[in-house]
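Taken together, the values in this text are just the output of simple stated rules run on the coordinates, not laboratory data. Everything quoted here is computed from the prediction, not taken from an experiment. Note: ideal-geometry Cβ built from the backbone for every residue, glycine included; neighbour counts use all protein chains shown.
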Amino acid sequence: MGNGLSGFRLSRRPYRRPDIRPVGAEPYVNTVHYHAIRADQDIVYSSTVSHENGLLFAGTVLLELVQTASGTDFRLTATGFYFDGDSPEGHKEGWAAMLNGLTAYLTLRQPCCLKPAHSQGKEFEMKYYYSPDTCALAGHIALLEAGFEPELFKVDIMTRTIDRQGDYLAVNPKGYVPLLEIGKGVQLTENVAVLDWIAENTPGQAARNAMERHRRIEMLAFLSSEVQKPFAYSFFLPGDEAVAMLRGMIEERFVLIAERITDGSLLGHRVGVEDALLYVMLRWARMVGMPVPEKLIAYRDAIEERPAVRGALREEGLI
Ligand SMILES: N[C@@H](CCC(=O)N[C@@H](CS)C(=O)NCC(=O)O)C(=O)O
């Protein structure tokens, strides 16, 4: 199975539909069974709807992914069978919702699952708003690691303007970076979300199970709120006492983090998006002369040699 369709499994999944429940009765149960998933080609699944042990409906869907000059089209062929007086009319809405949901899901995942458009020489919508050497460097590195080539927009976070373009607040009312535009009008902010999206859409990086994903988010949230934020406050807060207190807190956290490094990566099995964020934090530590465990220095230097890291540093004018 191709990496981009990692959200799908050949499996059978029953789920209760409290949204379609006759008054005073049990919800309908919708069971979707994926029969075939061929990355970049097609998906075949069947679906049944039952209610209080009676089968109301069964159907199959063939969803073909067709590459055209203007991008990827979806061709849907659906066949349904209705039982026990359950009317085809009543199911029109359900079919439409199901197919729309699937189409939206695939559209959102399109940058990965249908091959990055840049590799096909087509126009690609991905945009990345960053400011050099900020926490947005992590996403920049991760995008290059994934093989994406986003259009880069340099933001001056002091004046909240985009280089040669104007008002950043018009793009992102939050005013800060990063912001990733995955497709037209589909924007993500917040490093944890941006980095998680990149990981889920990077070959070999998508979480293999729910717990693996929770661990990644746990680490990203820790770095983001327990290391990055105190750093940010220490840069801008007046008062030596507050700065010393914040730096002491960060140093303690670096000691905990050092204990987690195994085989050159934070989560142990491969260098991932969380390593990109930790690398940025270690750059900041180096910049302010903060002592960090030896192990983290060796780790930082190894990460710094990665081609994607050097590429991002070059693009941000840092080397
Ligand atoms: N909660 C945001 C915070 C991002 C953030 O603090 N960005 C900084 C750069 S590291 C920024 O743009 N600061 C400018 C500002 O806050 O106006 C996230 O995790 O993405």
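The slack in the chain from residue 169 to residue 64, taken as 0.36 nm per residue of separation less the alpha-carbon distance, amounts to 33.8 nm. Each peptide in 134-144, 266-276 gets a packing score, the mean of other Cβ atoms within 10 Å over its residues, and the list from highest to lowest is 134-144, 266-276.
Using a Förster distance of 22 angstrom, determine the FRET efficiency expected from the C-beta separation of residue 233 and residue 283, and round it to 0.05. Between residue 233 and residue 283 the formula returns 0.80.
Remark on residue 168: its backbone amide H falls under 5 Å from those of 161, 162, a criterion applied only to residues 5 or more positions apart or on other chains, H modelled at 1.01 Å from N. Per-peptide packing, taken as the mean over residues of other Cβ atoms within 10 Å, places 282-291, 231-240, 178-187 in the sequence 178-187, 282-291, 231-240 from highest down. Backbone phi angles across the stretch 303-316, fed through the Karplus curve with coefficients 6.51, -1.76 and 1.60 (θ = phi - 60°), yield HN-Hα couplings of 4, 4, 7, 5, x, 5, 5, 5, x, 5, 4, 5, 5, 8 Hz in residue order; Gly and Pro are listed as x. In plain terms, the chain from residue 262 to residue 242 could stretch by 3.9 nm, reckoned as 0.36 nm per residue minus the Cα-Cα distance. Proximity of backbone amide H atoms, modeled 1.01 Å from N, is registered between residue 81 and 58, 59 at under 5 Å, excluding neighbours fewer than 5 places apart on the same chain. 3J(HN,Hα) along the stretch 272-288: x, 4, 5, 5, 5, 6, 5, 4, 5, 4, 6, 5, 4, 4, 4, 4, 9 Hz, from the Karplus curve 6.51 cos²θ - 1.76 cosθ + 1.60 with θ = phi - 60°, whole Hz, x for Gly and Pro.
Peptide packing: for 203-216, 298-311, the average count of neighbouring Cβ atoms within 10 Å per residue gives the ranking 298-311, 203-216, highest mean first.
From the P(r) of the stretch 125-319, can you give the percent of Cα pairs sitting at distances over 30 Å? Percent of Cα pairs beyond 30 Å in the stretch 125-319: 17.
On full extension, the segment bounded by residue 32 and residue 314 gains 96.8 nm, given 0.36 nm per residue less the C-alpha separation.
Compute the distance from the alpha-carbon center of the stretch 286-309 to that of the stretch 161-217, in whole Å. Rounded to whole Å, the Cα centres lie 24 Å apart.
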